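The values are calculated or read from the model by the stated rules, or taken from the named source; none is laboratory data. No experiment lies behind these values; they were computed from the predicted model shown. A quick note on method: Cβ atoms are made from the backbone with ideal geometry, for glycine too, and the neighbour counts reach across all protein chains shown. When the accessible area is computed, the model is the full protein with side chains, heavy atoms only, and any ligands, DNA or RNA have been set aside. Shrake-Rupley method; radii C 1.70, N 1.55, O 1.52, S 1.80 Å.
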Amino acid sequence: MVAKNRKQTGKSPATQADRDKSPLVSPPGKSNIRRPGREGKAFTGSHPNGLSGIRHKLGLTPSAVVKLGITLLLASCLTHFLLLLIRYHLSQLFENDRHFSHLSNLEKEMAFRTEMGLYYSYYKTIIEAPSFLDGLHMVMNDRLTEYPLVINTLKRFNLYPEVVLASWYRMYTGVMGYFGIPTKMCWSINRGEGLTPVDSCEGMGDPAYFYVACVFLLNGVMMSLFFIYGAYLSGSRLGGIVTTMCFFFNHGESTRVMWTPPLRESFAYPFLSLSEITPPHVPNKTAMVALGISNLCFMLPWQFAQFVLLTQVASLFASYILGYLGAAKMQSILVTHMITLGVCFILMFGNSMLLTSFYASSLVSIWVSWTLSSDVMQVMAWVGSTVLLKFMLSTVLGASDDAHISGLIKSKFTSYKDFHTLMYTCAAEFDFMELETPLRYLKTLLLPINMLVVALIAVRVSLIPRRWGSSFVCFRIKERVTEGLVAKHTEDIKMCELVYHSLQLVAFAVLAILIMRLKLFLTPHMCIMASLICSKQLFGWIGERFKHQIVVFAVMAVMAVQGVANLQAQWAIIGEFSNLPQEELLDWIQDNTRTDSVFAGAMPTMASVKLSTGRPIVNHPHYEDTGLRSRTKLVYSMYSRMSGETVKRNLMKLGVDFFVLEDSWCTRRTRPGCSMPEIWDVEDPQNVGKIPLCTHMSRNSRPHFTTVFSNDIYKVLKVPKVTKDLR
């Protein structure tokens with residue numbers, strides 16, 4: 001063990017305003033003063049017909065094959081560079097934001113707040129189990145997360161990323177241990193301010209470091225895919241560079257993985273980008289297998305993936321209706337999506353949300369609408385049958401887990417609101433897109449470029465007559481090859497892809513406008529579309545190649561003015577995670593309660609309680625289950641204006657031993673109507689005007705509860721045991 005002090009940096013601390021510039025706010029619980037650090041760091045830790053066959057399948061000329069080969073070679077070098085660059089960029093932002101290398105194990109766990117802590121807890125369970133299979137059995141028969149229920153968390157929480165990473169971690173540490181190779185270096189950290197020193201470890205042998213490093217590596221691969229696809233879509237290697245630069249210049253609008261690594265989107269989105277690389281015009285089984293695997297890897301880690309895939313299917317169906325996607329190809333894509341959905345349903349142990357989703361219903365509904373001849377009738381039949389089938393399946397299967405999504409969408413267009421809807425809409429990330437977002441797109445020229453690109457695509461499309469049925473130009477590739485007309489029709493094929501991507505861009509824009517969090521789909525897609533400024537097909541009117549490239553470099557130079565400023569603003573975020581009140585709470589729970597004591601409280605805090613103390617909890621941040629939403633509503637009655645007796649009985653029926661009360665949840669108000677007592681007023685109008693119960697409890701918890709712990713933030717209330725008349 002090496003003693004070290006944390007050095008003071010000359011950089012200014014991060015402010016909340018700095019983080020608000022990001023698409024989503026980074027987790028709270030940071031101090032603005034860095035702990036003294038150590039002076040230095042230490043880590044230990046061909047077939048002859050093969051090319052011709054591929055050329056014919058892809059519809060490429062010999063010169064195009066050579067160009068593709070050069071592009072792939074260059075891409076190989078650039079993608080490795082980009083992978084390392086984006087991984088370093090993300091790691092550095094994460095380190096700057098939290099000073100992660102200087103945190104104790106408990107502090108690292110506390111830094112994973114809300115859902116992040118819940119997901120990470122299962123990774124921790126598997127790596128600390130006697131064997132991998134024992135750990136897998138524990139997460140599939142979980143008795144801690146929704147006491148007293150026993151649940152299969154692989155079915156409920158999309159935990160395959162944690163299972164995979166835990167298996168890799170156990171293999172890595174096992175192999176390195178067998179050869180006697182150190183995997184981490186530990187230090188003693190003097191925290192100052194009269195606090196006791198803590199131990200901090202770095203290196204891939206540290207569970208949290210391994211977990212975060214894998215997330216950042218995966219997102220580095222995603223950046224490489226963006227370069228490849230930008231080059232492919234634009235037909236120019238320069239287009240790949242434009243996509244990459246746009247992503248960096250708009251990084252704060254493109255992702256939040258650097259602030260919240262364990263969230264589901266951090267694992268899922270890279271596979272969505274992989275599925276988009278599969279060209280929608282290539283009519284072969286290999287492309288369909290690649291599409292199916294990427295879609296499966298996208299759906300398994302994230303419960304929201306089904307809604308994104310719905311927009312993808314809608315864009316493809318719109319392309320078909322408009323005459324830019326052939327019937328045979330559309331059928332192949334639908335079959336691939338259906339098979340993928342079925343496999344995902346099996347791997348998720350029969351998760352009903354998959355079968356009762358709008359996505360599943362839309363796949364079936366397209367087949368229903370196929371028999372109709374009129375475009376308008378096909379669209380109306382698809383929309384109507386999708387909605388009808390979704391609600392029929394939900395009724396027959398008795399599934400209502402995604403009912404809150406319908407309520408959330410309804411609240412966007414009407415005055416409808418209820419408890420669960422307000423729990424979402426009162427959070428900034430689920431509100432409408434803020435006005436500052438398009439302004440930021442404007443400053444980096446991302447929005448003007450996309451508007452110009454989409455306008456040019458619309459003009460080109462308007463000049464090309466629609467072709468229907470089997471004679472449609474985009475899907476007669478083999479015949480066109482034999483006729484020697486590849487070059488002419490490759491251009492038409494590319495236009496088909498541009499139409500699809502334009503429709504997908506519109507779909508992502510609608511999602512982002514309705515729910516600000518979904519900018520993570522819109523912004524990267526805009527970066528891909530921006531690569532088209534290098535497309536000869538759209539911008540050939542500029543002139544010869546050299547003149548075109550000069551214009552592109554000029555545009556990139558203008559983009560860089562604000563883009564570099566955005567990057568500097570991100571790099572300037574300097575802080576450190578520190579949450580001493582919660583640390584005191586978790587230490588008290590660990591030392592003063594039984595291992596089977598049951599806790600309830602605010603969802604983010606409950607995730608930390610389960611992760612760091614291993615105590616059973618009755619509610620948690622994963623809100624996509626109707627039973628859990630009902631439990632949370634009962635728990636949150638503490639923040640209503642109900643009587644203490646009513647709330648006590650609610651907690652006793654849930655089997656709660658201790659309630660963690662937080663004054664901030666009683667007084668915090670993000671905007672009018674969004675404090676917890678005001679949210680409860682919607683559900684409990686008869687008590688409007690009364691003083692909230694949480695206010696009474698913060699002053700004196702008797703006679704209904706007993707205060708057994710308190711500090712500046714938290715108060716632990718002991719709940720009486722269930723009496724016989726309540727059983």
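In terms of its alpha-carbon gyration tensor, segment 514-578 comes out oblate; a/c meets the 1.5 threshold, while b/c is at least as large as a/b. Converting phi to 3J(HN,Hα) with the Karplus coefficients 6.51, -1.76 and 1.60 and the offset θ = phi - 60°, segment 702-714 yields 7, x, 7, 9, 10, 7, 10, 7, 7, 9, 5, 10, 10 Hz in sequence order, with x at every glycine or proline.
Among the chymotrypsin sites (Phe, Trp or Tyr not before Pro) in segment 352-451, those located in a DSSP loop and surrounded by at most 16 other Cβ atoms within 10 Å of their own Cβ are Trp370, Tyr416, Phe432. About the centre of its Cα atoms, segment 580-718 shows a dipole size close to 420 debye [charges on the beta carbon of Lys, Arg (+1) and Asp, Glu (-1) only; nearest 20 debye]. Could you tell me which residue out of Leu159, Thr173, Leu195 lies farthest along the dipole of segment 78-210 toward its positive end? Charges go on the beta carbon: Lys and Arg +1, Asp and Glu -1, centred on the Cα centre. The Cα lying farthest towards the positive end belongs to Leu159.
For Thr706, the residues whose modelled amide H falls within less than 5 Å of its own, excluding neighbours fewer than 5 places apart on the same chain, are Lys718.
Computing FRET efficiency as 1/(1 + (r/R0)^6) for Glu683 and Ser373, where r is the C-beta to C-beta distance and R0 is 45 Å, gives about 0.35.
When the square roots of the Cα gyration tensor eigenvalues are ordered a ≥ b ≥ c, the ratio a/c for segment 257-331 is 1.5 or more and a/b exceeds b/c, which makes its shape prolate. Backbone geometry of segment 504-520 corresponds, through the Karplus equation with coefficients 6.51, -1.76 and 1.60 at θ = phi - 60°, to 3J(HN,Hα) couplings of 5, 4, 4, 4, 5, 5, 4, 4, 5, 5, 6, 9, 4, 4, 7, 4, 5 Hz, x marking Gly and Pro. Expressed as a fraction of 2.2 N^0.38 Å, the C-alpha radius of gyration for segment 78-210 is 1.20.
Accessible surface computed residue by residue for segment 580-718, with neighbouring protein chains in place and a 1.4 Å probe, gives 39 Å² per residue. What shape does segment 350-417 take by its C-alpha gyration tensor, where a ≥ b ≥ c are the square roots of the eigenvalues and a/c under 1.5 counts as rounded, a/b above b/c as prolate, and the rest as oblate? Taking the square roots of the gyration eigenvalues as a ≥ b ≥ c, segment 350-417 is oblate. Under a 5 Å amide H cut-off, with hydrogens placed 1.01 Å from N, Ile189 pairs with Val198, Asp199, Ser200 among residues at least 5 apart or on other chains.
Packing, as the average of other Cβ atoms within 10 Å across residues, places the peptides 345-352, 259-266, 669-676, 137-144 in the order 259-266, 137-144, 345-352, 669-676, highest first.
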